[in-house]
Structures are given as structure tokens and as C-alpha cells.
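This report concerns only the one structure given below.
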Amino acid sequence: MKTMTLRNLPDEGSAYLSGRAATEGKSINATAVSLLSRAAGIAPRQRKRRDLSWLFGSWIAAEARRFDSVVAECRKVGSGELK
């Protein structure tokens with residue numbers, strides 16, 4: 001892959017890239033590459049998924065902690081319950 005430099009990028013373009021990158025949680029470079037690829041009609045490579053988040057979604061840490069606290073009682077097994 002080549003490395004390129006953008007010169008004379010208007011302040012509005014820079015602000016847009018920075019804002020979009022922050023919104024998407026990506027770097028400015030990744031955002032620029034994605035936008036340029038889509039504008040050029042180049043399909044982005046599909047990322048290999050190693051989980052089922054595409055099917056079920058994903059939780060942030062606070063949601064996971066809340067779920068764990070709610071089901072903690074269900075995880076307790078008494079000694080007589082496993083016979």
C-alpha cells in the first residue's frame with residue numbers, strides 16, 4: 001500500500017474528518033481511507049469476525065457488569081442441587 005499526503009486540505013475538511021473519526025471511534029487515517037475508497041467505488045475488505053456480535057450485538061463494560069449483577073444469584077448452586 002502507498003502512503004500519501006494531502007496538502008491544502010480546507011479547515012472544514014479537516015474538521016469533518018476529525019469529527020467523523022471521533023464519532024466512529026476510528027483514526028483520522030482510517031476514516032479518510034474509508035471515505036476515499038467508497039467515493040472511488042472500491043469495496044472495503046470484509047473484516048473476519050471471530051464472534052457473534054454481528055448477530056447479537058455487543059455490550060459495553062457497564063452493561064456486562066449490570067447483567068452479571070442481576071444474574072449472580074442464578075449462578076449460585078447449592079450442594080444438594082447437583083445430585
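Coordinate-derived values only; no laboratory data. Here the structure is a predicted model, which means the values were calculated and not measured. Cβ placement follows ideal geometry from the backbone for every residue including glycine, while neighbour counts extend to all protein chains displayed.
Tabulated values for the structure
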read-out: Tilt relative to the chain, helix 28-39 - C-alpha long axis, 0 to 90 degrees, to 10; value: 70
read-out: Binned Cα-Cα distance frequencies in the chain - 5 Å width, integer %; value: 2, 10, 12, 15, 13, 10, 8, 8, 5, 5, 4, 3, 2, 1, 0
read-out: Computed helical MRE - 222 nm, the chain, DSSP H runs ≥ 4 contributing -39500 (n - 2.57), nearest 500; value: -14500 deg cm²/dmol
read-out: Charged-residue dipole, Cβ positions (Lys, Arg, Asp, Glu), the chain about Cα centre, Debye nearest 20; value: 440
read-out: Furthest towards positive pole of dipole, Ala61, Ala40, Pro10, structure part the chain, Cβ charges; value: Ala40
read-out: Potential extension, Ala15-Phe67 segment - 0.36 nm per residue separation minus Cα distance; value: 14.9 nm
read-out: On Cα atoms only, tilt of 11-24 relative to the major axis of the chain in degrees; value: 20
read-out: Relative exposure of Ser14, Ser34, judged by other C-beta atoms within 10 Å (fewest first); value: Ser14, Ser34
